[in-house]
Every structure is written in structure tokens, then in C-alpha cells.
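In what follows, a structure is listed as C-alpha cells, so that the remarks can point back to it.
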Amino acid sequence: MSNIESIKKQYDDVLEQLSSPELLSNWVRFEELSKEKKHLEKIIAKNDELQDLKNKIEENKEILKAREDGELVSLAETEIKQLEEKVKILEKEFDSLLRGEQEEDRTSDHSAVIVEIRAGAGGNEAALFAGDLFKMYSKYAALNDWKQKTLDSHQIGIGGFKSLCFELQGRDVWQKMQYEGGVHRVQRIPVTEKQGRVHTSTASVAILPKPKETQLKINPADLKFEVSKATGPGGQNVNKRMTAVRVVHLPTGIAVDSHTERNMQQNKENAVSILSAKLFEKQEIEKLDTLSEKRKSQIKGAMRAEKIRTYNFPQDRVTDHRVKKSFHNIEGIMAGDLDPIVEVLDKFL
């Protein structure tokens, strides 16, 4: 097995190169280093998983040596066999990673999506609702064992968000999230309301499939990068270093900002991820004339152009206007229990 310490040193070297401000002017090199970073992270994670299994095997062997409890010894013997089989599988995967072979994506055509939420009408209450939608999707992601990564956010003082953007990755993520694009409306008594009146506020959601490398090629010459000091929540160093990144796609004028992370390299990766998804969405929309009516309606929803759902808290009801159906248990839905809604949408849309 390869010397993992040398791999970790290589990983540290890549991180150091990625942190250089000079890299902003060399997008091709940045992309190469980013790919290398992700590949090395997979190797290190796989090694950690292997070591954890081997440690468990050694713990069970210690139980066998003691031979104090017959039942415990029997369980240890069984677990050793199971763990050794897992080790064999992981060692093959580890060797494949060392050889540079890419793991096959078996999840779906789009195994990752980028979710963009923006507060609409309603002031602070709309920003709070945007935050509630973020929590709802985050809990739904956890229930589905999806990976989640925040790419950018603009938070306000009371805990809400003017806008935020995050990535979800995992099995069936596109199939389950594709119908969430559109305007979401909430009817409830805001925490700031003194007279108990119900207010109506909105937030828009866009679901952008994250393209694979084969689906979208960006010409590095078409990108312009700018750096600035980050603003907003983020700790002591947030305003002291040039970490915020803006990337502009010159042919389309599409611009994306990212300032959430504490280092420029990560913000640049995040900005490019969001930009790629937006360009892919634009490319898909331009193909509308050749697509089926069903796919047209999905893209239309992702364009945030229509009201799709109302969350009525006083009446404990969530209504999806596309299928003209209401669902109760609003607290459960806001806690991530979205499958009943998703199943109906998947059936009728």
C-alpha cells in the first residue's frame, strides 16, 4: 500500500498552491489543482475508513485472546470475518483510487443539484422564511443521507437570509428536488408582529442540476475573476483578508459572488460551481423547443416564475398549487418530511 503520509504531504502542497492569489489569473491551473485536491481527499478518506476497520479487527482479536466470555468470543469471530471481507473490498477501491481511476457515478444523470433561495416580498419575515426553507431542505437532505455544502449566503441580523446557495449531492437528489423550483408563499403571524395579524411573505427557490464535465465546457478566457474583502458574519478575520470572489462570464454577463468561506480558494471553487450550474440551466432553457412538455414545465419551475406552494401555519396546511392538493402536519413538513409531497408531484407532473 502506498505511503499515506506522502499523499497527505502532497495534499498540503496542493492546498498551499490553491491559496495563492496569483492563481486567480490562471483558471486552467486552478481547475487542475482543484481536481487533484478532490482526488487526494478521496484517497485520504478511503485510507481513514480502512484504518478504522483494521482497528476494529484488532479490538476483536484482543477479545479472542482473553476468551473470558464464550458468547462474546463467538460474536468477535463473526465480526472479524465480516470486517475482513469489507477490508478486501475497500483495499481494491483504495488501489483503484491510487491508480487514478474514477469511481463510477451510479446515482443518476444529475447526482448533484445547486439550490438557490432568495427572500421575496415581506421584508424581514421573507428573510426568515427563506431561512426556514433552508432548514427544511437541510433536514430533508439529512433524511436522504445526501451531502450538503453551503456555497454562499447573505444573512441578516435576526437570523434570516436575503439569499443563500447550497449544493446537495447523493442518490435521487435531482428526482426528488426537481419540482421545488418556483415561488413559495408563507402565511403566518411573524415573531415581530405585535397585534397577532397574519402576514403573507414569499421566497423564490431555484433548483439547478450541477453539470458533469462532459455536459458543459467553459472557456477559461471567458471568465473574469475579482477579489475583495468579505463582509457580514464570519468571525474576526472576515474583513481583514481578500477572500471574497466574484466571477463574471463575459459572453453572457452572468456574475456570481461567493464570500462565505474564510479562504479565497474555496470561495473561488464555490463561485465556479454556481456559475457552471447557471450556465447549464441557460443552455437547457435554450433547448426548450426540442424538449417534451413535461421537461418544459420542470425548467419553467426552476426559473422561479410562478407561485407553486403556500405554507399556511394558522390552518396547519401546505398547498401545492400545481396539483391542487393540500397536505397537513406543517411542522413535520418544515422538519424535512417532504416525501408525501414529492411522491404526489412525481406522479402528476
Using alpha carbons only, how many angstrom separate the centre of region 27-59 from the centre of region 60-81? 31
Quick one: which of 263-276, 194-207, 322-335 comes out on top by average Cβ neighbours within 10 Å, and what's the full order, highest first? 263-276, 194-207, 322-335
For a quick check: sort Glu306, Glu125 by the number of other beta carbons within 10 angstrom, fewest at the front. Glu306, Glu125
Around Lys325, what is the net charge, scoring Lys/Arg as +1 and Asp/Glu as -1 over all other residues with Cβ under 14 Å from its Cβ? +2
With 10 angstrom as the radius, rank Phe225, Phe166 by how many other C-beta atoms surround their C-beta, starting from the fewest. Phe225, Phe166
Which lysines, if any, have their Cα less than 21 Å from the Cα of Lys347, not counting same-chain residues under 8 positions apart? Lys176, Lys294, Lys296, Lys300, Lys307, Lys324, Lys325
Those aspartates and glutamates that a straight Cα-Cα span of less than 15 Å connects to Lys229, excepting residues fewer than 8 apart in one chain: Asp152, Asp257, Glu261
Short version: ³J(HN,Hα) in whole Hz for each residue of region 265-280, in order, from phi by Karplus 6.51 cos²θ - 1.76 cosθ + 1.60 (θ = phi - 60°), x for Gly and Pro, what are they? 4, 5, 5, 5, 4, 4, 5, 5, 4, 5, 4, 4, 5, 5, 5, 5
Beyond 18 Å (Cα-Cα) in this structure, taken from Lys42/Lys268; Lys210/Lys282; Lys42/Lys92; Lys212/Lys282; Lys135/Lys194, we find Lys42/Lys268; Lys135/Lys194
Along each of its three principal axes, how wide is the spread of alpha-carbon positions in region 4-98, in whole angstrom units, largest first? 66, 20, 16
Scoring only Lys, Arg, Asp and Glu (+1, +1, -1, -1) among other residues with Cβ under 15 Å from the Cβ of Thr200 yields +3
Which of Glu226, Glu167 comes first, and how do the rest follow, when ranked by fewest Cβ neighbours within 10 Å? Glu226, Glu167
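Rule-based calculations on the coordinates, nothing more; no lab input. Predicted, not measured: the structure shown is a model, and the values here were computed from it. We place every Cβ from the backbone using ideal geometry, glycine too, and count neighbours over all the protein chains shown.
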